[in-house]
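Before any comments, here is the structure.
The values are calculated or read from the model by the stated rules, or taken from the named source; none is laboratory data. Small disclaimer: the values here were computed from a predicted structure and weren't measured. All Cβ positions, glycine included, derive from the backbone under ideal geometry; neighbour counts span all protein chains shown. With ligands, DNA and RNA removed, areas are computed over all heavy atoms of the protein, side chains included. Shrake-Rupley method; radii C 1.70, N 1.55, O 1.52, S 1.80 Å.
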Amino acid sequence: MIFIFLSFLVILLDQLTKYIVKTQMKPYESFPVLKPILYITYVKNRGAAFSLFEGKIIFFTVISLLVISIILFYLIKGPKDLYITKFSLALILGGTVGNLLDRIRLGYVIDFIDLRIWPVFNMADTFIVVGVLLLSYILIFEKENVKIF
C-alpha cells in the first residue's frame, strides 16, 4: 500500500503545480526561471506527448484507464518483494492519473515545464518518464527481478 500512497503524492504534486500555473498565468504566458534553460510556459495540450493526436480525448481516456487498471492490479496483487518495480509503476500510475484528471476535467492537459529545446511538459509527464526509464532498466538489466506473478 505504500506504493499506492506514493502514487497519490505524485498526483498531489502534479495537480498542485498545474493549479498554480492555471490560476497565476494566462495561456501561453511564459517567464524565465533559469535563463536560457528553464522557463515556465502555460500550454493547453489537447493531445498526447508532444501534442500528438490532438483532440482524441476519448481514446486517451480509455488507454489511461486501461493502464491505471493494470498497474493497480499489479501493485495490489503482484509479487510483494519487487520494490523497485513497484516504485517505478507507482510513478507511472500517479503521472497517468494526473494527466487523466486534466483531460476529464478540462478537456486538455496543462503543461508548463519549458526547456526551449523540447516540447513543454508537466510533472506528471516527468514522473511517467522516470518510471518508464526505471522499469526499462529493470527489464533489460535485472531480469531476475521481473516476475508477472
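In terms of the Cα gyration tensor, with a ≥ b ≥ c the square roots of its eigenvalues, is the range 54-126 rounded because a/c is under 1.5, prolate because a/b exceeds b/c, or oblate?
oblate
Net charge within 9 Å of Asn122 by Cβ-Cβ distance, Lys/Arg positive one each and Asp/Glu negative one each, not counting Asn122 itself?
Taking every Cβ under 9 Å from that of Asn122, the sum is -3.
Can you tell me, using C-alpha contacts under 8 Å and at least 6 residues apart, the relative contact order of the chain as a whole percent?
The value is 32 percent.
Which of Met25, Ile40, Ile84 sits closest to the plus end of the dipole of the chain, meaning its Cα is farthest towards the positive end, when Lys and Arg get +1 and Asp and Glu get -1 on the C-beta?
Farthest towards the positive end: Met25.
List every residue whose amide H lies under 5 Å from the amide H of Val109, counting only residues 5 or more places away in sequence or on a different chain, with H placed 1.01 Å from N in the peptide plane.
For Val109, whose amide H was placed from the backbone, the distant partners under 5 Å are Asn45, Arg46, Gly47.
For the cross-link pairs Lys77/Lys143; Lys56/Lys86; Lys18/Lys56; Lys35/Lys143, which exceed 31 Å when the distance is taken from alpha carbon to alpha carbon?
Too far apart for the 31 Å limit: Lys35/Lys143.
Where in the range 71-95 is the amide nitrogen less than 14 Å from a point lying 7 Å along the Cα-to-Cβ axis of Thr126?
Counting backbone N atoms under 14 Å from the label point, the list is 95.
Please report the spacing between the Cα centers of the range 98-138 and the range 1-18 in Å, no decimals.
About 13 Å separates the Cα centre of the range 98-138 from the one of the range 1-18.
At what distance in nm do the modelled label points of Ile70 and Phe5 sit from each other, each positioned 7 Å from its Cα along Cα→Cβ?
For Ile70 paired with Phe5, the spin-label model returns 2.8 nm.
Any idea what angle helix 83-106 forms with the longest principal axis of the chain, computed on alpha-carbon atoms, 0 to 90 degrees, nearest 10?
40 degrees
For the chain, take the longest principal axis of its alpha carbons; what is the angle in degrees between that and the long axis of helix 123-141, to the nearest 10 within 0 to 90?
So the helix axis and the longest Cα principal axis differ by about 30 degrees.
Could you state the angle between the C-alpha long axis of helix 2-24 and the longest principal axis of the C-alpha atoms of the chain, as a value from 0 to 90 degrees rounded to the nearest 10?
0 degrees
Taking the simple approach of a point 7 Å from Cα along Cα-to-Cβ for both Ile37 and Lys77, what is their distance in nm?
Distance between the two pseudo-spin positions: 4.5 nm.
Keeping all protein chains in place, calculate the accessible area per residue for the chain (probe 1.4 angstrom), answer in Å².
61 Å²
Considering only protein heavy atoms and a 1.4 Å probe, what is the carbon-and-sulfur percentage of the accessible area of the chain?
Answer for the chain is 75 percent, counting heavy atoms of protein chains only.
Report the local net charge at Thr17: Lys and Arg +1, Asp and Glu -1, summed over other residues whose C-beta lies under 12 Å from its C-beta.
Residues near Thr17 contribute -2 overall.
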